[in-house]
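The values are calculated or read from the model by the stated rules, or taken from the named source; none is laboratory data. Model, not experiment: these values are computed from the prediction. Here the Cβ positions follow ideal geometry from the backbone for every residue, glycine too, while neighbour counts run over all protein chains shown. Note: accessible area is taken over every heavy atom of the protein model, side chains too, but ligands, DNA and RNA are not part of it. Shrake-Rupley method; radii C 1.70, N 1.55, O 1.52, S 1.80 Å.
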Amino acid sequence: SFIRLQRQNPGFAPENLLTATISLPVAKYPTPVARAAFYDRLTAELDRQPGIDRAAAIYGLPFSGPTAITTYQVDGRPRIAPQDQPYVIRRAISPDYFATMKIPLRAGRFFDAHDDATKPGAAIVSESLARKLFTGENPLGRRLIIGVANGANEEIVGVVGDVTNAPPGAQQTSEEVYFPLAQRTEVAFAVVVRGQLDAPALAPLFRHALQQIDAAQPITAAQPMRDLMAQAIADRRGTVWLLGTFAILA
């Protein structure tokens, strides 16, 4: 059973994928425009590095810690009282995130450079969420009202494949909504880098690219995606070894 859990498909390709966490100082990057410019410059510089195929930024990287959630409801349907609104996992991503992670597009389109703060709100939903909300209907063009305050009304422009959001064997949900990072800028975020080399060999390339953008900006937790996933099942692995040892002794 444990081996089967380890082999569970996470919904993306973790091979040759490096992750790193960045937290921008507010004093240096005080505005959403400044932070969005940093994301764009960093991913563009990473794309120019020999040996790197793609790079993207994300707020809410799978397997990296607590998951961000938000309330939501479907525009055009009877309104739901704030205390009764359902929750969904939310992530904010740069345009190349799905291509970098190799998450498939099921319908519609990915985000692009035009989905910035000057444009109307856009959203991409996971296959599971689209099936739950729009069975027998086309989700593209429908709108989601995000948050208890009902201040954000986002048009669904795409549907993507489901992604695992918790360690294997834990309670799972693949109901997710993605927003353009340029429309929902964050101070802390993760960078994912896919290359032709093994993930550890991509770390020097990442640091070099970051120095070209902001030599004083530190990074934390630069590690392969495989390591993040292994850490997520570390407790379960220890339990299996302990039980196995007792079984052999018995």
Inset, instruction - For region 103-125, indicate whether the set of residues that are hydroxyl-bearing (Ser, Thr, Tyr) and out of contact with any Lys or Arg (no Cβ under 9 Å at 6 or more places or on another chain) is non-empty. - result: yes
Legend entry - Hits in region 200-222 - residues which are loosely packed, with under 12 Cβ neighbours inside 10 Å and among the small types (Gly, Ala, Ser): ALA215, ALA216
Inset, instruction - Return only the number of the condition from (1) within 23 Å of TYR39 (Cβ to Cβ); (2) of a type in the set (Ser, Thr, Tyr); (3) touching a residue at least 12 places away in the same chain (Cβ under 8 Å) that THR118 does not satisfy. - result: (3)
Inset, instruction - Please enumerate the residues belonging to region 223-249 that are among the aliphatic types (A, V, I, L, M) and either open to solvent by 70 Å² or more (accessible area, probe 1.4 Å) or modelled with pLDDT under 90 (or both). - result: LEU228, MET229, ALA230, ALA232, ILE233, ALA234, VAL240, LEU242, LEU243, ALA247, ILE248, LEU249
Legend entry - Residue among ALA34, ALA56, ALA92 that is open to solvent by less than 40 Å² (accessible area, probe 1.4 Å) and closer than 22 Å to PRO139 by Cβ: ALA92
Inset, instruction - Could you tell me whether any residue of region 148-159 is in a loop (DSSP other than H, G, I, E, B) and modelled with pLDDT of 80 or more? - result: no
Inset, instruction - For region 199-222, name all the residues that are β-branched (Val, Ile, Thr) and over 11 Å from ALA20 (Cβ atoms). - result: ILE213
Inset, instruction - Counting only residues that are without any contact (Cβ under 8 Å) to a residue 60 or more places away in the chain, give me the strands (runs of 3 or more DSSP E) lying completely in region 44-113 with at least 1 of them. - result: 69-74, 87-93, 105-108
Inset, instruction - For LYS119, state whether it is outside any loop (DSSP other than H, G, I, E, B), open to solvent by 50 Å² or more (accessible area, probe 1.4 Å) and either touching an Asp or Glu at 6+ places or on another chain (Cβ under 9 Å) or within 14 Å of PRO180 (Cα to Cα) (or both). - result: no
